[in-house]
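What follows is a short report on a single structure.
The values are calculated or read from the model by the stated rules, or taken from the named source; none is laboratory data. Computed from a predicted model, the values in this text were never measured in an experiment. Note that each Cβ is placed from the backbone with ideal geometry, even for glycine, and that neighbours are counted across all protein chains shown.
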């Protein structure tokens, strides 16, 4: 009973993070700030949903742990790539 409540809470928090990450897209900030806000919120939301699923269906823990690790690595590498591309965009020599 308590595991179901915690599981659904994690999934709900994840969905809130997904929608919360879209609000900075409306503002007048730079595109890099918007991308950063969106990627952080999506990463936290996705990880929270996966933790909720891990509590809900623990027999699938190898795949869900792999998904958590993949999300962490993928979004970290993508952040570094975006930062590198934005910092060296004007340097051609």
- Item | Unmet criterion (only one of (1) over 11 Å from the mean Cα position of the chain (by Cα); (2) surrounded by fewer than 18 Cβ atoms within 10 Å (Cβ to Cβ)) for residue 76 | (1)
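Mind checking whether some residue in the stretch 71-89 is at pLDDT 90 or above and in contact with a helix residue (DSSP H, G or I) (Cβ under 9 Å, 6 or more places away or on another chain)? Full working, then the answer.
Residues of the stretch 71-89 at pLDDT 90 or above: none.
Within the stretch 71-89 (the criterion being at pLDDT 90 or above and in contact with a helix residue (DSSP H, G or I) (Cβ under 9 Å, 6 or more places away or on another chain)), the answer is no, since none of the residues qualifies.
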- Failed item, numbered, when residue 86 is tested on (1) surrounded by 12 or more Cβ atoms within 10 Å (Cβ to Cβ); (2) outside any helix (DSSP H, G or I): (2)
- Message: Every residue in the stretch 9-46 that is in a loop (DSSP other than H, G, I, E, B) and under 18 Å from residue 82 (Cα atoms), please.
- Response: 21, 29, 30
- Message: Take residue 70 and tell me if it is assigned to a helix (DSSP H, G or I) and exposed (fewer than 13 other Cβ atoms within 10 Å of the Cβ).
- Response: yes
